[in-house]
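The values are calculated or read from the model by the stated rules, or taken from the named source; none is laboratory data. As the structure is a computational prediction, the values presented were derived from the model and not from experiment. Because the Cβ atoms are built from the backbone with ideal geometry, glycine has one as well, and the counts that use them run over all protein chains shown. Protein only, heavy atoms only, side chains kept; ligands, DNA and RNA dropped before computing areas. Shrake-Rupley method; radii C 1.70, N 1.55, O 1.52, S 1.80 Å.
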Amino acid sequence: SADIRQLIADGYLAPLVSSRASAKIETDGLRTSGGDYVLADLELAADVDSITDAVARDIVETKRRHVLVFGVSVAHAARLRNAIRMAGMSCEMVVGDTPDRTRILEDFKAGRVQCLTSCDVLTTGFDAPHVDALAIVRPTQSPALYVQICGRGSRIARGKTNCLVLDYGGNIARH
């Protein structure tokens, strides 16, 4: 069986590259349950104005135009969306009960929306090969969740050379 490095070398997957995120979510002291951080603790640690502002600024500065942002909760995803919009980039939010989800995803795939924020929705079963940047604004201890998130950017697409990963939760080092 082929591993990820071989699939990238053979041209089946796009390489993931990381850049230093300008903020870091503090995970010391967060409680864990079921193999991952407790949601209430994650929200307190991640949904902080200085981090949200840094995420928005970093995303706009990357000049990437097909960005997925993974937040901790619906409220967090909404605040991230609002900050990204205020920084000047088109952005929508997709969560479990988003009524116009199909239209939003079509707009994203067509390039009419540059950025999507979400929580626990776009990690599996979402196919948008042109995604060229991921902002992971949620620490996770789950290797499976981390791989699923990174997988959203590893699809190949015409004109795409790689996918930038901005990791605000220390996940690259953790996994």
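Radius of gyration over Kirkwood radius for region 30-77, both on Cα atoms: the Rg/Rh ratio is 1.06. As a ratio to 2.2 N^0.38 Å, the alpha-carbon radius of gyration for region 108-175 is 1.09. Sites listed here are trypsin sites (Lys or Arg not before Pro) in region 135-175 whose DSSP assignment is loop and whose Cβ has at most 13 other Cβ atoms within 10 Å: R158.
The ratio of the alpha-carbon radius of gyration of region 32-110 to the globular-protein estimate 2.2 N^0.38 Å is 1.18. Using +1 on the beta carbon of Lys and Arg, -1 on that of Asp and Glu, and nothing else charged, what's the dipole of region 1-107 about the Cα centre, debye to 20? It comes to approximately 380 debye. Each helix, a run of at least 4 DSSP H residues, gives -39500 (n - 2.57); summed and divided by the residues of the chain, these come to -10000 deg cm²/dmol at 222 nm.
For region 1-64, the fraction of 1.4 Å probe accessible surface lying on carbon and sulfur atoms is 49 percent. For region 1-158, the C-alpha radius of gyration sits at 1.02 times the compact-globule guess of 2.2 N^0.38 Å, with N the residue count.
For region 12-51, the alpha-carbon coordinates run over 37, 28, 14 Å along the three principal axes, in decreasing order. Please find, in a Gaussian network model of the chain (springs between Cα atoms separated by less than 10 Å), the residue of S154, S73, S22 whose mean-square fluctuation is greatest. Its mean-square fluctuation being the largest, the pick is S22. In the context of the full set of protein chains, the chain has a per residue accessible area of 49 Å² (1.4 Å probe).
In plain terms, the chain from V17 to T32 could stretch by 2.5 nm, reckoned as 0.36 nm per residue minus the Cα-Cα distance. At 1.4 Å probe size, with the rest of the protein present, what percent of the exposed accessible area of region 71-125 is carbon and sulfur atoms? It is 49 percent, rounded to a whole number.
Using only alpha carbons, region 95-142 has a radius of gyration to Kirkwood radius ratio (Rg to Rh) of 0.95. Cβ screening of the chain for cysteine pairs under 4.7 Å finds these without a partner: C119, C150, C163.
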